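Contents: one structure, followed by commentary.
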Amino acid sequence: MKTFKPLSVALVGLFAVGFASSASAEAITVVSWGGAYTKSQINAYHKPWEAKTGNKVNSEDYNGGLAEVRAQVEAGNVTWDAVDVELSDAIRGCDEGILEPLPLDELPAGADGSKAADDFIGGTLTECAVGEIVWSTVFAFDKTKMKKTPTSIKDLFDTKNFPGKRGLRKTPRVNLEWALMADGVATADVYKVLSTPEGVNRAFAKLDTIKGEVIWWEAGAQPPQMLADGEVVISSAYNGRLFNAIMVEKKPFDIVWDGQVWDIDLWVVPKGSKNFKTTWDFIKFSTDTQRLADQAKFISYGPVRKSSFPKVQKKMQPHMPTAPVNFKNPLQNDYEFWADNGDELTERFNAWLAG
Amino acid sequence: MAVVSDGAGMLRTADGVPLKQALARATRVNKIKAFLLVAPLLVFILITFIVPILDMMTRSVSSPEVVDALPKTIAELVKWDGTDLPPEAAFAAMAAEMSDKKNKFYLGKAAARLNFQKSGFRSLFNKSQRKIKRVKQGPFKDAFAKIDKRWAQSATWNIIRNASGRYTDVHYLNAIDMNRDPAGEIAAQPKIKRIYVTLFERTIYVSFGVTILCLILAYPISYLLATLPLKTSNLLMILVLLPFWTSLLVRTTAWIVLLQANGVLNDLFVFFGIVNDENRIRMIYNMTGSLIAMTHILMPFMVLPLYSVMKTISPTYMRAARSLGANPFTAFVRVYMPQTVPGIGAGSILVFILAIGYYITPALVGGQSGQLISNLIEYHMKKSLNWGLAAALGGLLLIGILVLYWLYNRIVGIDKMKFG
Amino acid sequence: MGETPEPFVRFKDVQKTYDGEILVVKNLNLDIAPGEFLTMLGPSGSGKTTCLMMLAGFETPTNGQILLGGNELNTVPPHKRGIGMVFQNYALFPHMSVAENLAFPLEVRRMSQADAAAKVKRALDMVELGEFGARRPAQLSGGQQQRVALARALVFEPDLVLMDEPLGALDKNLREQMQYEIKHIHENLGMTVVYVTHDQSEALTMSDRIAVFNDGVIQQLARPADLYERPENAFVAQFIGENNKLIGKVDQVDGDTCVVDVDGYKIRALNVAHEGVGSSTTLSLRPERVSLAPSDGEVPNNFDAKVLELIYLGDHIRCRVSVCGDDEFIVKVPNASGHATINEGDDVRVGWTAEDCRALDVWQG
């Protein structure tokens, strides 16, 4: 039996190590939108956090929406820990109780010492969600195919001076806002007008004027491709995708920032996450001043912390939605309006499309 | 075992056991063995197919959200006659239930459910929850009216009352462009919101078109496959199956590259002067695109059953017909084609059913006129989270397909169907 | 019989190849008289079916002509040839009833419905299936299907009917019964029949003449009795009926007969197809023409033999003996009353006439 002793000791040791490491190092599943965006998060958040804590991040992709989260919560089998969602979904999921409320006062102060609550831009902290980035829906055109240069949102709806097919996202969001802005409604009044039945009719009437010229897109990758193929000459798109097409793929596109509709992406935790403490640690880490500034190295989405702005690389600054030169006539997506009216307006929008 | 017949005419084995019983005992073990063999598949189908379908079907008629969140309020509302405003007791119950912190989860679901019925309920509930907590005593009727004037309208309360049943027909009504008005009567949706009937019609008509196109194109291919020498037909079969092994998205994207305004096909047309550069043909982001891409993708489902049936039709039938005096055309129409009917039936039903459920391809190449009902089901499953309506739309599709299947059985006979 | 001045069907120098390398049919010349029942008999791959298919129009001759009633057929499509055909697996249309199957050739000839119905009824009555018109082919037995196929090939009254191994799928009793039926129908209607089979007894039973095919060539064209009793080469002798085969060298030739040396034994045989003194030859001898214990001088060939095996077959006894150095020599002993009892291991004498022993060519089958 003596010969067995060293072996069994070694085995026990191995088990002990195994338990110890599994006790201290945890794996969490972080879900985001894929592509260049997830890559920027892996570089700016996941890798440094893994290095710091020894924990592991499993990155998964999804296509937005709360369907999977709801299904997991209802089935009582939550496998996702942190999910990158749009603001309206963050609010809605919180209202429906399928997201964990977050202890926001534990968020670290900004690098300049300002309290977290003051450091985050207004509206980017909510009961169940912590903001990360500001992104924008803008429109862009192909410089080689346009005789005149569009400068304002009105030009998107002007098929006489700017002929050609247009690309728009197949959703009422942004499109209805833009239709009103192009019809002469002041940016500040857009949601007020849209809250009235007359306003909605007015927006659809304006969309009617270009309906025949529109090619509708659904995935973020489509509009830069459609512009590149010459399928459309002008199209709405996410500013990060356009940045990629213009700066990386050197496409002859130009962005019109007038009337940009900006929105934020936030971290949420599905109700019943098994790794809540670790996940919350990850969220706190990934939304500190440095990490948010780092992310802007990789993609042209703006940080939601004010203290991160000065740390963003100089060469990236002009591409940020929040850069002063771009932020002249912005409209913040009104999540409350869309949480209330999204169902009905989408229904009407779909009926309008099919009609 | 010797068989003995007793006086009553019952056959018994030599041991006196009734013959039937002995037989049952002897076959039982085999039956159990056979069942154990299929049990894994049975369980698999039950879990992955039957249960989800039943679950979705249940969702299409159930609406427990409101009554789960506001049981006491509903109890009061049921007593109310529906005119003017509900009694103070209802307001008080609502205030108590909204202030209950543990109830938040259910209130959120109820608000979402009511918001499908009438926009604004979501924010109305949120606002009211926040504010009513601070009101310590009644009358709550005035307190609610102060929070939002909608609480002072009987329509608001009617909507809540109408949505209070555990079971509802509202999803099915919505799915056929109907609704209940505040008084609870069934009425057509306003014109600007009608969409599902149009899309159902379009879906059926597109699926039918795709089926016909597949049949017309697949018939000669299958005939070639079945009659060519093995070496050539194998090559052809690989060509038919090749798209089968390619990802759906890749195939769809390939069609975009081919068909778009500046795509390969249009470039060729311009090059050969068939159309001029300004009038390139629109073949994608419309119905044409949907039809072409879906026909291509579903073609193998038509070719395979046709091929498998044609393969079994001996060439002697055609020879016999020719020798009996029929010219090649008559021989084909009178003798060959009727024998391929089982394949035509199987292929058509397969393609039609698959086409009816297609959504990725129409979403990518269909544009606004190529949207099908499945796109809306996907929207309600993934985006609006109105699973009840999604389930009702799916339920109607399921019923439609079952009717089709029944008709097919009546006209052609399911037993005649051959998938290969 | 084959010397009719005006043949009904004529194959003239017909050759056929599928791959350009091997001739499946080598230079075929064949005349068929009107009303004749001609059988093409041969093993599979002998070219008989190809000939039938060329006649029906489903294959085209690579070279040569096929004439029907004096008209060249080569370019006439099958449906205009007016030839009835019965296929091996009947080829009844499964989606049509029996009556519809029969009406088909009449419909495509645009015959009026009343006439067609009458003809269908007559044809069905002829094959004794008058009650089965409404049934589907799948509801009939094999023999009934076969009769329907026959009726369908005859209902439009063709002058020529081709049959491609039509009885191949039936069991033995039914096959024999059908053979007689087909023969009787042929006798009653008097059409010309070209029949393909690999079954020699079928051919012998039914035919006016038989063309024995092998290797793409007609080996012998003769009436059944001639074929059996006077085979002209070793292949035919071997293929038709049972045959004792002794291989030897021609020693001397005297007029109609010759002496052949088989393993040292001198056998007198009839000259048929050997190549003269010193050439090898196959002696062909039917087992029933061998007599046991012939008296001396009764036959020129008279040898010692040893009984190796006896098989009792009811009407006769098959007796395998060793004679002239051949252990596979068969003698058929009729089971007539008072025949000699023989036992295995007995020494006997066997004998046969020179006329029954035919000296043929050498065939390595």
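The values are calculated or read from the model by the stated rules, or taken from the named source; none is laboratory data. None of these values were measured; they are calculated from a predicted model. All Cβ positions, even for glycine, are placed from backbone atoms using ideal geometry, and neighbour counts span all protein chains on display. Ligands, DNA and RNA are excluded from the accessible area calculation, which covers all protein heavy atoms including side chains. Shrake-Rupley method; radii C 1.70, N 1.55, O 1.52, S 1.80 Å.
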Study note, to complete from the structure: Within the stretch B:110-119, the count of residues that are open to solvent by less than 30 Å² (accessible area, probe 1.4 Å), touching a Ser or Thr at 6+ places or on another chain (Cβ under 9 Å) and not in a helix (DSSP H, G or I) comes to 0
**Study point:** Residue count for the stretch B:220-260, restricted to those that are in contact with a Gly (Cβ under 9 Å, 6 or more places away or on another chain) and over 27 Å from residue B:338 (Cβ atoms)
**Key:** 5
Exercise for review: Return a yes/no flag: does the stretch A:215-227 have any residue that is β-branched (Val, Ile, Thr), outside the structural domain of residue A:35 (by TED's automatic domain parsing) and assigned to a strand (DSSP E or B).
Suggested key: yes
Review point. Does the stretch A:128-146 contain any residue that is without any contact (Cβ under 8 Å) to a residue 60 or more places away in the chain and open to solvent by 10 Å² or more (accessible area, probe 1.4 Å)?
Key: no
Study note, to complete from the structure: Residues in the stretch B:241-295 that are in contact with a Lys or Arg (Cβ under 7 Å, 6 or more places away or on another chain) and outside any helix (DSSP H, G or I) total 1
Exercise for review: Would you check if there is a residue in the stretch B:95-107 being away from chain A (no Cβ under 14 Å) and surrounded by 17 or more Cβ atoms within 10 Å (Cβ to Cβ)?
Suggested key: yes
Practice item. Name, by its number, the condition in (1) away from chain C (no Cβ under 12 Å); (2) out of contact with any helix residue (DSSP H, G or I) (no Cβ under 7 Å at 6 or more places or on another chain) that does not hold for residue B:360. Key: (2)
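Just a yes or no: is a residue in the stretch A:200-214 assigned to a loop (DSSP other than H, G, I, E, B), crowded, with 19+ Cβ neighbours inside 10 Å and among the small types (Gly, Ala, Ser)? Spell out the reasoning first.
Just the residues of the stretch A:200-214 that are assigned to a loop (DSSP other than H, G, I, E, B), to begin with: A:209-210.
Filter again for crowded, with 19+ Cβ neighbours inside 10 Å, leaving none.
There is no residue in the stretch A:200-214 that is assigned to a loop (DSSP other than H, G, I, E, B), crowded, with 19+ Cβ neighbours inside 10 Å and among the small types (Gly, Ala, Ser).
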Review point. Counting residues that are open to solvent by less than 30 Å² (accessible area, probe 1.4 Å), which strands (runs of 3 or more DSSP E) fully inside the stretch C:255-365 reach at least 3?
Key: C:257-262, C:280-285, C:301-312, C:316-323, C:326-334, C:347-352, C:358-360
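Which residues, taken from the stretch B:162-177, are open to solvent by 40 Å² or more (accessible area, probe 1.4 Å), in a helix (DSSP H, G or I) and at pLDDT 90 or above? Let's see the steps before the verdict.
Here is the first cut: in the stretch B:162-177, the ones open to solvent by 40 Å² or more (accessible area, probe 1.4 Å) are B:162, B:166-167, B:169, B:172, B:176.
Next cut, in a helix (DSSP H, G or I) only: B:162, B:172.
Across the stretch B:162-177, the qualifying residue is only B:172.
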Check your understanding: Which pairs have Cβ atoms under 6 Å, sit 6 or more apart or on different chains, and link a residue in the stretch B:301-314 that is not assigned by TED's automatic domain parsing to the domain that holds residue B:338 and assigned to a loop (DSSP other than H, G, I, E, B) to one that is of a type outside the set (Val, Ile, Thr) and surrounded by fewer than 19 Cβ atoms within 10 Å (Cβ to Cβ)?
Key -> none
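Among the candidates A:297, A:274, single out the residue that is part of a helix (DSSP H, G or I) and surrounded by fewer than 17 Cβ atoms within 10 Å (Cβ to Cβ).
A:297
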Exercise for review: List every residue pair whose Cβ atoms lie under 7 Å apart, where the two residues are 6 or more positions apart in sequence or sit on different chains, the first residue falls within the stretch B:375-387 and is within 8 Å of chain A (Cβ to nearest Cβ), and the second residue, located anywhere, is part of a loop (DSSP other than H, G, I, E, B).
Suggested key: B:382/A:65; B:383/A:65; B:385/A:66
Study note, to complete from the structure: residue C:218 meets each of (1) in a strand (DSSP E or B); (2) in contact with a helix residue (DSSP H, G or I) (Cβ under 9 Å, 6 or more places away or on another chain) with one exception, condition (2)
Review point. So residue A:155 clears everything in (1) acidic (Asp, Glu); (2) in contact with a Ser or Thr (Cβ under 7 Å, 6 or more places away or on another chain); (3) not in a loop (DSSP other than H, G, I, E, B) except one condition, right? Which one?
Key: (2)
Revision key, fill the gap. Across the stretch A:283-341, the tally of residues that are under 16 Å from the mean Cα position of the chain (by Cα) and hydroxyl-bearing (Ser, Thr, Tyr) stands at 6
Practice item. Select from the stretch C:91-121 the residues that are open to solvent by 40 Å² or more (accessible area, probe 1.4 Å) and either under 14 Å from residue C:147 (Cβ atoms) or small (Gly, Ala, Ser) (or both) and list them in ascending order. Key: C:112, C:114, C:117, C:118
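To keep it simple, each residue is scored yes or no on (1) farther than 30 Å from residue A:355 by Cα; (2) open to solvent by less than 30 Å² (accessible area, probe 1.4 Å); (3) at pLDDT below 95.
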position: B:199; (1), (2), (3): no, yes, yes
position: B:203; (1), (2), (3): no, yes, yes
position: B:210; (1), (2), (3): no, yes, no
position: B:213; (1), (2), (3): no, no, no
position: B:221; (1), (2), (3): yes, no, yes
position: B:226; (1), (2), (3): yes, yes, yes
position: B:229; (1), (2), (3): yes, no, yes
position: B:238; (1), (2), (3): yes, no, yes
position: B:248; (1), (2), (3): no, no, yes
Check your understanding: Can you pull out the residues in the stretch B:330-385 that are open to solvent by less than 30 Å² (accessible area, probe 1.4 Å), farther than 17 Å from residue B:199 by Cβ and of a type in the set (S, T, N, Q)?
Key -> B:339, B:340, B:348
Exercise for review: For the stretch A:326-355, name all the residues that are within 11 Å of chain B (Cβ to nearest Cβ), within 24 Å of residue A:188 (Cβ to Cβ) and open to solvent by less than 20 Å² (accessible area, probe 1.4 Å).
Suggested key: A:337, A:338, A:339, A:340, A:342, A:345, A:349
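Table: residues versus (1) assigned to a helix (DSSP H, G or I); (2) of a type in the set (A, V, I, L, M, F, W, C); (3) farther than 21 Å from residue B:111 by Cα.
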residue	(1), (2), (3)
B:129	yes, no, no
B:134	no, no, no
B:150	yes, no, no
B:179	no, no, no
B:183	no, yes, no
B:187	no, yes, yes
B:204	yes, yes, yes
B:225	yes, yes, yes
B:235	yes, yes, yes
Point to revise | Members of the stretch C:138-157 that are touching a residue at least 40 places away in the same chain (Cβ under 8 Å), closer than 24 Å to residue C:56 by Cα and open to solvent by 10 Å² or more (accessible area, probe 1.4 Å) | key: C:145, C:154, C:156
Check your understanding: residue A:291: within 14 Å of chain B (Cβ to nearest Cβ), modelled with pLDDT of 90 or more and either open to solvent by 50 Å² or more (accessible area, probe 1.4 Å) or not in a loop (DSSP other than H, G, I, E, B) (or both), yes or no?
Key -> no
Exercise for review: Scan the stretch B:143-155 and report the pairs whose first residue is touching a residue at least 24 places away in the same chain (Cβ under 8 Å) and whose second residue is hydroxyl-bearing (Ser, Thr, Tyr) and not in a loop (DSSP other than H, G, I, E, B), with Cβ atoms within less than 6 Å and a gap of 6+ or a chain change.
Suggested key: B:150/B:156
Practice item. Residues being closer than 15 Å to residue A:70 by Cα, touching a residue at least 60 places away in the same chain (Cβ under 8 Å) and not in a helix (DSSP H, G or I): count how many of those fall in the stretch A:87-127. Key: 4
